[in-house]
Structures are given as structure tokens and as C-alpha cells.
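J.: My structure is below; once you've seen it, I'll send some questions.
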Number of protein chains: 2
Amino acid sequence: MPPVTDQAAQAAHTDPDAPATLVPALTSLLDGRWAALRADLRAQMGGEPYQDPIGLTVEAHRARVLDQLQALTATDRPGLGFDKAHGGGGDIGGSVVSFEMLGFGDLSLMVKAGVQWGLFGGAVQLLGTAPHHERYLRRIKDLDLLGCFAMTEHGHGSDVQHLRTTATYDPDAGEFVVHTPDRDAMKEYIGNAARDGRMAVVFAQLVTRGDSRGVHAFMVPIRDDAGTAAAGVTIEDCGPKAGLNGVDNGRLGFDHVRIPRDALLDRFGDVAPDGTYTSPIESDARRFFTMLGTLIRGRVSVGGSAGSATKRALALAVRYGELRRQFTKPDGEEVVVLDYLGHQRKLLPALATTYALHFAQDELVAALHDTGADAPEEEQRRLESRAAGMKVANTWHATRTIQAAREACGGAGYLAENLLPGLKADTDVFTTFEGDNTVLLQLVAKGLLTDYKDSFQNLSPLATARIVAERVLGAVAERTAARKVLDRLTEGDDREALFDRDWQVKLFEDREQHVLESVADRLRKAGDNPFGVFNAAQDHVLRAGRVHTDRLVLEAFVRAIDRCPDPGAKALLERVCDLYALANIEADRAWFLEHGRLSAGRSKAVIAAVNTLCAELRPHARTLVDAFGIPRQYLAAPMLDGSAS
Amino acid sequence: MPPVTDQAAQAAHTDPDAPATLVPALTSLLDGRWAALRADLRAQMGGEPYQDPIGLTVEAHRARVLDQLQALTATDRPGLGFDKAHGGGGDIGGSVVSFEMLGFGDLSLMVKAGVQWGLFGGAVQLLGTAPHHERYLRRIKDLDLLGCFAMTEHGHGSDVQHLRTTATYDPDAGEFVVHTPDRDAMKEYIGNAARDGRMAVVFAQLVTRGDSRGVHAFMVPIRDDAGTAAAGVTIEDCGPKAGLNGVDNGRLGFDHVRIPRDALLDRFGDVAPDGTYTSPIESDARRFFTMLGTLIRGRVSVGGSAGSATKRALALAVRYGELRRQFTKPDGEEVVVLDYLGHQRKLLPALATTYALHFAQDELVAALHDTGADAPEEEQRRLESRAAGMKVANTWHATRTIQAAREACGGAGYLAENLLPGLKADTDVFTTFEGDNTVLLQLVAKGLLTDYKDSFQNLSPLATARIVAERVLGAVAERTAARKVLDRLTEGDDREALFDRDWQVKLFEDREQHVLESVADRLRKAGDNPFGVFNAAQDHVLRAGRVHTDRLVLEAFVRAIDRCPDPGAKALLERVCDLYALANIEADRAWFLEHGRLSAGRSKAVIAAVNTLCAELRPHARTLVDAFGIPRQYLAAPMLDGSAS
């Protein structure tokens, strides 16, 4: 690796000697298991005209997105995730990939499609039984029936177990009575509600024979064919939002609305004509979380779409960074802004992280696809946790990176015509919808801590004592900065060592293990003040969720490189992976220093290594964004006019 | 200070025992030197109806903002910054404070007012001479003449010295010929250009007798009274932007447009009828930077307005955080979200930083007000550097904090009616306009490094040797983590020590000094590759600008506390200042660890102290945001309905 100063002095532009096979080789690896589908979708999308929704009124935007949704029904895409028995493709992974590809375009369309086919259709398929499938799935797929997924309430978003809408069974009429007790219990932010939806899957506390059996899902008509609100249903419009204005979010209230008994989506719980409740799952809470667990496709799709928007922002900013010149060198030449280290630091570590997250997302999609409905509960739970962690990582990364891309394009990045404002505004809500990121991280951490507790409970007293003793030894090792596994590489600032992949992976693993152990220790002391102790440790708990996901992401990147057949692409990805790993370590180096995992000299060397990698990858930035294979018309920003593309 | 767990267990809400005098006492201290003006403006603003521009088309928003601008002319505010001789108030500080107060409302109005009176009017006043003042100032103040500040070009924003528009003197006609050589030289993002402006102050390379004398400012008519573009002037509309859509930004091109000789704003350079150029400043570059230096009011005003928008976002999010409940404690009570440590960490350190920046901004405004046009060049240069640093700190803090506030309000924060989307979208460009933050930080650092170089040059060889020797000793001290000034407090994790204000201040000072020394050392090795060496150190240079500003900010906070006459307010502010200082140290603790300024134990204690301070300040959060004195109708978000306000 050449020293930074030489490289920077060359003001390296895009490598003119890169082989023509490099971009296709990278794209092929990125495309992965659903490469054929991606190629199909790319061809479809590339053959259509495309324009971002700029300067449209809310109403015009909503109308346009509905038209686009309608146009999609002419393709196979809406049905990919549905059972073949009902005209679907039976391809869950392909369905998620298809949402991810939609994420290159107007995100309102992606979200509207997600509401209609993913959430509304998904709930019918996964929570309903054969009669529901028969009655609804084809109509949902074909847009004969537009619908809503009415879970969130004004007063309860993250804490869905405590929703307050009720569905009370009336055995005399053989009907459920759906009711909103007060304004706080109105369904809130519901997509398709303000304008287009005709039915809603309403989540409500099921009450029968005077007993509440927890939250269940019900098919409730909300409008007639002419669009008039159904009797007893109140519909409000959420009005303009920061972004995603092509989606008609609204509020729904129910005043003793009667629906037939078979409107209950009854896969996990049923009510007989006489009001007897039955369920394959005894515990109300466990049943509800099982129901929720079936609905993780939406969460996975949001993470994937966030990734697509991030890629688009980076593709725009990298291209602009290669065109835009500002300030002259002593020799009088104006410098291309991407040649500045400060500019590289804004974009290139984010680009490396985007690659890392892509490969991890890809593995998640495959796992989702391969985990059957009959998989053991523990496997389902792990998948949910992984989906939560990846949704958090993808969406916060999107918010940060699109912001950095906007700033990297200066005033041009603020003009709607240059597309970054739309990307920013649309993706912003991703961090708090489909599960608030903070709440999801807690979910990830709690899952890990439960695993931890289980492994304790399964051990004999002797084995437990041994583990405790090892931990004490570990703490000693930590204080002397000589923890065995990292020993040979902790000291000194030998730069070569930083690029040792085993060391990087071990550092990530060790961090995760230590954070988990120490947070488990803190929580074990909860005693009679569990909320206080948990709350005082909340930042620590959230950190556990984050570093766990970081480790999964790095491992996925390593596996992707391992399976790369093209030597040139492989060599390049090795450097990109170094940048991901070292930028992650750099951002967290305070922790590594505090816990004796990095010496001060080594820590400074990490900063220098990130700078070196930025300079080294600078000539490949364009190659790396081109490999995302974003159809050209999605990058049609006037600020790039004159760009060779 | 009570231990965190007890406090958290109490789930402390707003302190019911806070004395009624606390909010007024804090407001009085925050209002500072221009308290009377602020009270006047608050009363004016509080007495007017106010509504954020939600769901307006670009054209409707522009029309509304022009009306509001017109309404302002009935007040004293537009004239505050102009000389008394021309109907102004002669109150520069008051003028900046008045922009800051406008920042509580629609930021399009603040920016449009800033363009008209601050930039356009300011350029006439500061770069023109008596005839220009006589001819234009009153008309500009009264909106008889709407105008633009046409500096930025498509190809040159940050690097304004290399603008390419020309103004060539024709002695035969006694006129300048203003010309845009190509599209890259078109004036870009110019406020008031797309719709309302009639004239523009155009910055162009002055050419006379075949010599270019650098950038000067010229009064150029761009439209007639009917709004038709003047002959030879091309006007384009920049179209919709991410935000600030009430401001009509446009592009201007000039095709050999002739203007009279006296259209040159000639305070710093003049052309005689025969084409002879004269200037009180010999060097073209120095003259240009002197001209630019006079225009820092705009930069100071942007920083102040960013602060106002940040305060508004925090006031909204803190109120919502006290209303919104989610998840139950073991005893069944639903927890107010601001009682969660994770939520406090999103908002409270940002609130403390907002206080710190407010006091530093206040000092900057006073310095701007007190620095006469005849102040020594060095004093002017220091003021510019300080204005640059504060603009950077205020605007990046605004972007981060408003984002955090949006996320802290979840789905509600994404609805336009709850005001956060507008705040986010409008302030976003603040980080890259009126000087790109990265470029400005470099300016700050270069100023400091120049000081450094000067102090070297003024020393005898012996004194220089002594300094070098001290630095070597310093480096040794650093390695052993025993640097004298911090010695007694570096080791151990005694929490009390962290709250020692002297230690905090010394830590900030020492960090600044060390970063500057080490970056100076790196740059001194530039040799024959100055660009390469500078570029490789760019992150280090930017850091120098940041930590310098951090030190100024902390010192301003300390001085503000010192002058607080109210014991209760003073005691509260001591804790807020602790939180600012320790959260800053926490965020940068990797550096302190790497440089032996913090031991690992002490570093961990900093994290714990930030948590403790969050818990301790939680009951005072509402008091702290109420003290900003934001007129009630600027916080009229439906998500707060039911809030006692």
C-alpha cells in the first residue's frame, strides 16, 4: 500500500486501468441468490420512464402513486410473496428483493406497495386461514381490494401488546363489535387509510365471554366502493408529512362497528359460535408475539429499501464529487472535491458500510426465505432478532449517509431536482416506523440476554463457578491489556496488523461478548428495583444490540468475499472490508481503549489506516457505486450533466 | 447527587417545587445585553397570529413570505442594522438578534429578510460609499427596491476568489460591461432572483485597462418594475428545494450588460473615468478578503437562527417526551418516555449544548457590535474566525439535534402539522450555505495556525529552542499520562473530580493546544508537496477548528454562569454546564485516552457521569426549554394537545 502523501499528491481520479469485467463481477456478487430476478427487474425498470415526484401537490402525488401501483399489477411482482395456490409466486425472498429494487425509485410507491401486498396481504395470508385466503388474496394481489394494516394507535405504537381497540364477541348476533374507546385508541399513521383503502386488518383486544384474550386481527370494511366511509367508521387524513407524500396515511376510529364472526383472522385463535375461545398457543402474550413474528417481512423489506436509497444517494454524491472542482493546488490546477481527504471521509467509509450491510441483508433475506412456518420457535425468534438488528443498522445508516451525501453536494444537493432532498425526506421515518429503532435494539439485546440466561440455567453449579472464575480472570487480563486472544496484536502500532482479517473479526467478537457479559452482570443485580436498574443500564443494553449486529455484518462481508470468483473484484472487496471494519473500530475506539483492546499507539494507527484506505479506494469509488446497478434514469440529476455516465 | 438508580426509580417528572422565579431568571440571563429588544420582539411576535407554511405550493409560499416581509417594514426591525443617517437604527447587534428571533418562525422569512436587508442592503452599506447609501439604503429598508446578493456561481461557491463573471471597464462609454463567460459562471442559488428582485449586487472580476483587479461588487438592474428581465439578463428558477421554499432562489446570467461607472461599490477600490484603478489596499487578494470580512453579519445571523430553530425543536420534543407514555413498569404504570435514559440521552446533552452555544453566540454578537470598521486588521480577522467557528458549531448542532428531536417524537414527528419536518428541511442547508462548514472549519484552523507561525517568527532562536524542548518534554509527559496541569485529576475514577470546572476547562484548553501543536508540526514538514501533506492532514486540521471553538463555547458558558444573579438559576446552570462539558468529553474520549489525558477508569466514569446528569436534569428539562421564551403559538403542534402549557 503506498503511503498516503504520495497517493494524495497524485490526486488520483478514477482508475483508468480498471478491467471492464470489474463492475459486472461486483454486481454479480452483490446480486447473489436472486440475481436472475434482480436482472429482470433492472431490465423492466430500465425500460420504463422514471421521474422523481418533484413539486407535486400531496393529492397529485397520491394519485400518481396509485396509478403506478396499478401498473405493477401487470407484472409478477405483487404476487411473488403469496402462495402459489392463490396465484402467487411462493417466493418470499424474491418478494423482499423486489421491494428492495422498488427502493431505487419513488419510495412512496415502495411503501404503498408494502402496505398493500406486504402488510395487508401478508396479514391475511399469515394470520388468516383457507377461507380468508380464498376470499381475499387474489383480489388483494390484483388491487381489486385495497386495504390497510391498522395496528398502531395514537397512544400505543411500540407497545402494541397494550393496544386499546376492542373486538367484543356477541354470541346472539354471531358478530364481533369493533370499538375505539377514546381518541388515544384511534388507529394512527395508517397507510392507504386516508384515500384508497376499502378494508383494514384491524388489530384489537379480542373479548369473549367477558374475558380478554389479547390482540387479534380482524377484517373490517372501512369504505364502500364509492369511497364513502362505512357506518360507524371515522376516517381522518394525517395530512402532509416530511416525505412519502404519495402514501395516504390516515387515522381510523370505530364506533361499535359490527363484523361477522369469520372476519377474525383465526390461524392462531378462534371463537366458536357460542363464544368459546380456542388457540393452539396457551399464553396470550406468547400467541401475540408469535403472530407478530410472522409479520417480519415488512421489517426486512424496509431495511432493504433503506439500503437502496443509500446506494442511490452515494451514487449521486460520488459522481458529483468527481465532477465538482473547488480551490486550486499550488500548481494552479483546480482540485476535484473527491480528492480531498475530508470529502472522502464523508463518503467512502459510508460506501464500505453500505457494501457490508448489503451482504448481511442478503443473508437475512435468504434466512427468511428458508425458515419455514414450522421452524422451531427458537429459530423464529433468532430470525426476528436478526431482522430487527438489520432494520436498525440499515435505516440509521441511511439517515446518516444520505445527510452526508446531501452536504457533500452543497447547494446543489439542496435542490429537489438533484434528488437528494427526496431521498432524505422519504427515508427519515424508516428509523421509527416498522418498529422504532431504539425499541428494536432493545429487542435484539433482550434476545441475546435471554440466550445468556438460558446457558446459565443449563449449567451445573460447578460449571457456573468455572464460568464466573473465567470471567474474573478475564477482567484481570483486561486491566493489564493482555487478554489472550488479542494479545499478540494489541500492542504497538504496526500497521500491517490492522489489516489482519482474523484480528478484526476477533475484535468484533470479543467486543460483543464482553458487552453482553457486563450488561448481564449489571441486570442480574436488579433486585427489587427492576425498572430503575434496567433504565440506568439502557445505553449499555442498546450498545449490546448494536455491537452484536456489527459482528454479524462483518462476518457476512467476509463470507461474501470468500465466495467471490473474480480475483480483481475480490482484491478490491478486501480493501472495502478493511475500510468497513477499521472505520467501525475507529468510531468505537474509545471503548476498545477503555477495555484494553487497543493501545493508544494502535488506536492512532487505526485513524491513519482509515485515511490510507480512503486514499487507496478513492480511484475505485465510481466502480463501487456503478456496481450497484442502479438503472440510469434513477440518477438523472441535473448537477451531473456533463458526467460521463 | 443521588445515585442514578434511585432517581430513575422515582421516574422523576417535572419538578413541582421549582420556584416560579426560575424560568424568568434563566430567560433574563439568556436574553443578555439585548434583553429589551428581545422582550419587544417577543411581545410583537406573541401578539401576531402564526402558522407554519404547511402544504403550500412553492408559489403560494413565496407570495406569503413576501407579504410577511412587507409587514415587517411597518416595524423598526429592517432598519436596525443600517446607519442612522439613512433612517436606520445603527444597532448591529440588535439587527443580528432580530434575525435570531425571526428564526423561531418560518425560516423562509428569516432567510428572505436576510437576503434583502442583511446581504443586499449590507453590501450596499459596507462596500458602497455615500452616494450609494443616499441612493439605495432607504429604498432597500422600505422594500421599494428588492435585491439580490449575487456572489456564488455554479462553478465556484466556496472558492469565491476565483469567480469568473467579469465587469470590464469601457472608458469610451464610461461604463462597465458585466458578462457571464459560460454556464459554469452563472450566478447560482441566488435568493430573491427567481421572482422578486429588481437589482443585484453582482460580484465580478473587475477588469480595466486590460488588468484584472480581483473581485468587486456592482449594482446591476435585473428586472424592470413590471418584473420583466432586463436586456441581456437571463433569469432561471432553481425550482423546489428541500426546504425554505418561501425564498425564490434563482440563477442569473449576464450577456454584456452595460452599467454606469458609479454602479461599482467603490469603498475598497475605484475606477476613474479614464480607467485608472485605485484602492486603499494594495494586494488584490487582501482587498477581496477585507471586503468579504465586512460581510460576516450574515454568517453570524445564520448561526443565531440555527440556534432558534434548535430551541424550538427541543421545546417540542421535551414537551412531547413528558406527555407520551410507552411500556409499563412492573407496577403497571405506563412510563413517560422522557423518563427513559435512552430518550434523555437523545435530548438532554443536546439541550445543554444549546445553552452553551447560546451564550457563546451572545458573546459573538456583542463582539461584532463592538468591533468598529476601523478596528485593527488582526482583530477583524479574529472576529471572522470566531464567526466562522460559531456558524459551524451552531448549524451542525441544529442538523443533529432537530433530527434527534424528530426521531424522539416517532411517527408524530414525521407529520408536517407537528412542525419538526419543516424545521429539519429548512435548516438543512445552513451547514453548507453562507460558507460550507468544512471550508469554514479550515478557515478557523488556518487562522490559528497563522497565529502560531507568527509567534514562532517573533521569537529568538534561543526562545524557539526552549519551546521545542518544552514540547519534547510535553510529549514525554503525555506518554506517561502525567502531564502536569492535569496530573492530579487524570488518574482514578473519582467521580467528584469530573465535576471540577477548572479541570474541565483545562482539559478543553489542553486539547486545543495539543491538537494545534501537532497539526503545526505535521504541516511544517510540507516540503515540496504542500497539497499532499495538507490533504493527508485535513481531518487533523478540521479537528483543530472544532476543538478551538469548543473551548470558546465552554468559556462563554462559564462566564454566563458567573454573571447569573439568581442562586437557583445559577445552581441549575452549573449542572447544565457539567452536562455540556462532560458530554463533549465523552464524545471525544478516544482522543483523551490516546493522549494520556484520561485513564480508562476515568473515561468510563465520564460515561456514568453523563448518565447521572441526564437523570438529575430530567425534572428540569421543561424549565430549561420554557426559559427560551418561545412565543406560545410557535409551539402549536397537535401532538402536544392536552399538554399543560
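J.: Going by the structure shown, is residue B:563 touching a residue at least 24 places away in the same chain (Cβ under 8 Å) and of a type outside the set (A, V, I, L, M, F, W, C)?
T.: yes
J.: To continue, here is another question. Kindly list, by first and then second residue, each pair from a residue in the range B:111-140 that is over 10 Å from residue B:265 (Cα atoms) and in contact (Cβ under 8 Å) with a residue 60 or more places away in the chain to a residue that is among the β-branched types (Val, Ile, Thr) and part of a helix (DSSP H, G or I), limited to pairs with Cβ atoms under 6 Å and residues at least 6 apart or on different chains.
T.: B:112/B:65; B:136/B:124
J.: Pull up the range A:172-207, narrow it to residues that are of a type in the set (Lys, Arg) and within 14 Å of another protein chain (Cβ to nearest Cβ), then point me to the one that is nearest to residue A:259 (Cα to Cα).
T.: A:187
J.: Okay, moving on. In the range A:208-234, what residues are in a strand (DSSP E or B) and closer than 15 Å to residue A:260 by Cα?
T.: Across the range A:208-234, the qualifying residues are A:208, A:216, A:217, A:218, A:219, A:220, A:221.
J.: Within the range B:117-171, take every residue that is among the aromatic types (Phe, Trp, Tyr) and assigned to a strand (DSSP E or B) and give me the one that is farthest from the other protein chains (Cβ to nearest Cβ).
T.: Ranking the qualifying residues of the range B:117-171, first place goes to B:169.
J.: Among the candidates B:582, B:573, B:593, single out the residue that is away from every other protein chain (no Cβ under 14 Å), more than 16 Å from residue B:393 (Cβ to Cβ) and buried (at least 22 other Cβ atoms within 10 Å of the Cβ).
T.: B:573
J.: Among the numbered criteria (1) without any contact (Cβ under 8 Å) to a residue 24 or more places away in the chain; (2) farther than 26 Å from residue A:328 by Cβ, which one does residue B:432 miss?
T.: (2)
J.: Additional query: Which members of the range A:381-401 meet the condition of being within 11 Å of another protein chain (Cβ to nearest Cβ) and more than 22 Å from residue A:449 (Cβ to Cβ)?
T.: A:395, A:399, A:400 - these are the residues of the range A:381-401 that are within 11 Å of another protein chain (Cβ to nearest Cβ) and more than 22 Å from residue A:449 (Cβ to Cβ).
J.: Which of the following residues is at pLDDT 95 or above, buried (at least 23 other Cβ atoms within 10 Å of the Cβ), in the same structural domain as residue A:512 (by TED's automatic domain parsing) and assigned to a helix (DSSP H, G or I): A:613, A:552?
T.: On the way: A:552 fails: buried (at least 23 other Cβ atoms within 10 Å of the Cβ).
A:613 is the lone residue from the list that is at pLDDT 95 or above, buried (at least 23 other Cβ atoms within 10 Å of the Cβ), in the same structural domain as residue A:512 (by TED's automatic domain parsing) and assigned to a helix (DSSP H, G or I).
J.: Here is a further query. Looking only at residues in the range B:324-334 that are farther than 16 Å from residue A:184 by Cα and surrounded by 14 or more Cβ atoms within 10 Å (Cβ to Cβ), which one is nearest to the other protein chains (Cβ to nearest Cβ)?
T.: Result: B:329.
J.: Among the residues of the range A:418-474, which ones are loosely packed, with under 14 Cβ neighbours inside 10 Å and either within 14 Å of chain B (Cβ to nearest Cβ) or modelled with pLDDT of 65 or more (or both)?
T.: A:450
J.: What number goes with the only condition from (1) modelled with pLDDT under 90; (2) crowded, with 19+ Cβ neighbours inside 10 Å; (3) outside the structural domain of residue A:574 (by TED's automatic domain parsing) that residue A:538 does not pass?
T.: Looking at each condition in turn, residue A:538 falls short on (1).
Every residue, every condition in (1) closer than 17 Å to residue B:348 by Cβ; (2) part of a helix (DSSP H, G or I); (3) without any contact (Cβ under 8 Å) to a residue 24 or more places away in the chain, yes or no:
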{"site": "B:581", "(1), (2), (3)": "yes, yes, no"}
{"site": "B:586", "(1), (2), (3)": "yes, yes, no"}
{"site": "B:591", "(1), (2), (3)": "no, yes, no"}
{"site": "B:597", "(1), (2), (3)": "no, no, no"}
{"site": "B:604", "(1), (2), (3)": "no, yes, no"}
{"site": "B:609", "(1), (2), (3)": "yes, yes, no"}
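J.: Could you please find all residues in the range A:574-629 being aromatic (Phe, Trp, Tyr) and within 16 Å of residue A:499 (Cβ to Cβ)? Full working, then the answer.
T.: So in the range A:574-629, the residues aromatic (Phe, Trp, Tyr) come out as A:580, A:591-592, A:628.
Matches in the range A:574-629: A:580 only.
J.: Further question on the same structure: Let me spell it out: the conditions are (1) surrounded by fewer than 24 Cβ atoms within 10 Å (Cβ to Cβ); (2) more than 27 Å from residue A:367 (Cβ to Cβ); (3) in contact with a helix residue (DSSP H, G or I) (Cβ under 7 Å, 6 or more places away or on another chain), and residue A:165 meets all of them except one. Which number is the exception?
T.: With respect to (1) surrounded by fewer than 24 Cβ atoms within 10 Å (Cβ to Cβ); (2) more than 27 Å from residue A:367 (Cβ to Cβ); (3) in contact with a helix residue (DSSP H, G or I) (Cβ under 7 Å, 6 or more places away or on another chain), residue A:165 is out only on (1).
J.: Picking from B:371, B:399, which residue would you name as being under 17 Å from the mean Cα position of the chain (by Cα), among the hydroxyl-bearing types (Ser, Thr, Tyr) and closer than 27 Å to residue B:555 by Cα?
T.: B:399
This table checks each residue for (1) in contact with a His (Cβ under 9 Å, 6 or more places away or on another chain); (2) in the same structural domain as residue A:165 (by TED's automatic domain parsing).
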| residue | (1), (2) |
| --- | --- |
| A:257 | yes, yes |
| A:261 | no, yes |
| A:278 | no, yes |
| A:303 | no, no |
| A:318 | no, no |
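J.: Before we move on, is residue B:296 farther than 29 Å from residue B:431 by Cβ and among the aliphatic types (A, V, I, L, M)?
T.: no
J.: What residue, of B:77, B:64, is touching a helix residue (DSSP H, G or I) at 6+ places or on another chain (Cβ under 8 Å), of a type in the set (Lys, Arg) and at negative phi? Steps first, please.
T.: Working: B:64 fails: touching a helix residue (DSSP H, G or I) at 6+ places or on another chain (Cβ under 8 Å).
None of the other options fit; the residue is B:77.
J.: Filter the range B:404-417 for residues that are facing another protein chain (nearest Cβ under 8 Å), on the phi < 0 side of the Ramachandran plot and surrounded by 24 or more Cβ atoms within 10 Å (Cβ to Cβ) and give the result. Walk me through it before giving the result.
T.: We begin by selecting, within the range B:404-417, every residue facing another protein chain (nearest Cβ under 8 Å); these are B:406-407, B:410-411, B:413-417.
Of the ones still in play, those that are also on the phi < 0 side of the Ramachandran plot are B:406-407, B:411, B:413-417.
Selection gives B:406, B:413, B:414, B:415.
J.: Just name the residue that is farthest from the other protein chains (Cβ to nearest Cβ) out of those in the range A:616-643 that are assigned to a helix (DSSP H, G or I) and over 27 Å from the mean Cα position of the chain (by Cα).
T.: At the first step, the residues of the range A:616-643 found to be assigned to a helix (DSSP H, G or I) are A:616-626, A:632-635, A:638-640.
Of the ones still in play, those that are also over 27 Å from the mean Cα position of the chain (by Cα) are A:616, A:618-619, A:638-640.
On the way: A:616: 13, A:618: 11, A:619: 15, A:638: 10, A:639: 9, A:640: 13 Å.
The qualifying residue farthest from the other protein chains (Cβ to nearest Cβ) is A:619.
The values are calculated or read from the model by the stated rules, or taken from the named source; none is laboratory data. Bear in mind that the values here come from a model prediction, so they are computed numbers and not experimental data. Every residue, glycine as well, gets a Cβ built from its backbone with ideal geometry; the counts of neighbours run over all protein chains shown.
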